[in-house]
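Student: One structure follows; several queries about it will come next.
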Amino acid sequence: MLRISDTIVLQDWELVESFTRSSGPGGQNVNKVATAVELRFEAERSPHLPPAVKSRLRRLAGRRWTQEGAIVLRVEETRSQVRNREIARERLKELVTAALNPPKRRIPTRPTLGSKRRRLAAKTQRGEIKALRGSVTPEDS
């Protein structure tokens, strides 16, 4: 069981953990002990998440979201299986917590009068520079 907030608690059947050997340095520990954790959360089938949260979660998860609607997190940072499990659960909790907060609506603002005047003055000045360009006649030189 993983508590996300006061209202959302993920049950054990929604979380599947599998352990594999970790890559990288670590000596004999790498060859013997399965310390890497792959945490799979069945987000699409979860009855505890509202549809709006699921869609935001899909966007936040990115490549970690599978076609079946699950989130797969792989952690192999430490040499301890227990610590890697904790890290994976923390990351899942952060991801779901971020999906719980709806994004703020952008309030469109109008440009100030001063910014409009500066923009038009810059355009006029640039136009004058370009107007001075042109082919040089023999009389001018």
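The values are calculated or read from the model by the stated rules, or taken from the named source; none is laboratory data. This structure is a prediction, so every number in the text was calculated from the model and none was measured. Cβ coordinates were reconstructed from backbone atoms using ideal geometry, including for glycine residues, and neighbour counts include every protein chain displayed.
Student: Do you know which of the residues in region 88-125 that are over 25 Å from P50 (Cα atoms) and among the aliphatic types (A, V, I, L, M) is modelled with the lowest pLDDT? Before you say what the answer is, go through the steps one by one.
Tutor: Looking only at region 88-125, we keep the residues that are over 25 Å from P50 (Cα atoms), and these are 107-125.
Still in the running and among the aliphatic types (A, V, I, L, M): 107, 113, 120-122.
On the way: I107: 94, L113: 97, L120: 98, A121: 98, A122: 98.
The residue in question is I107.
Student: Separate question: What residue, among those in region 67-90 that are of a type in the set (G, A, S) and surrounded by fewer than 16 Cβ atoms within 10 Å (Cβ to Cβ), is nearest to the chain's Cα centre (by Cα)?
Tutor: Across region 67-90, the extreme among qualifying residues is G69.
Student: Does S18 satisfy being under 16 Å from V72 (Cα atoms) and either of a type in the set (G, A, S) or more than 24 Å from the chain's Cα centre (by Cα) (or both)?
Tutor: When the stated conditions are applied, S18 passes them.
For every residue, the table says whether it meets (1) at pLDDT 85 or above; (2) in a helix (DSSP H, G or I).
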| residue | (1), (2) |
| --- | --- |
| E17 | yes, no |
| G24 | no, no |
| V30 | no, yes |
| R40 | yes, no |
| A52 | yes, yes |
| R58 | yes, yes |
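To keep it simple, each residue is scored yes or no on (1) closer than 19 Å to V82 by Cα; (2) hydrophobic (A, V, I, L, M, F, W, C); (3) under 20 Å from the mean Cα position of the chain (by Cα).
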site: T7; (1), (2), (3): no, no, no
site: E14; (1), (2), (3): no, no, no
site: N31; (1), (2), (3): yes, no, no
site: R40; (1), (2), (3): yes, no, yes
site: E44; (1), (2), (3): no, no, yes
site: P51; (1), (2), (3): no, no, yes
site: R58; (1), (2), (3): no, no, yes
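Student: When you look at R64, is it among the basic types (K, R) and surrounded by 14 or more Cβ atoms within 10 Å (Cβ to Cβ), yes or no?
Tutor: Criteria met by R64.
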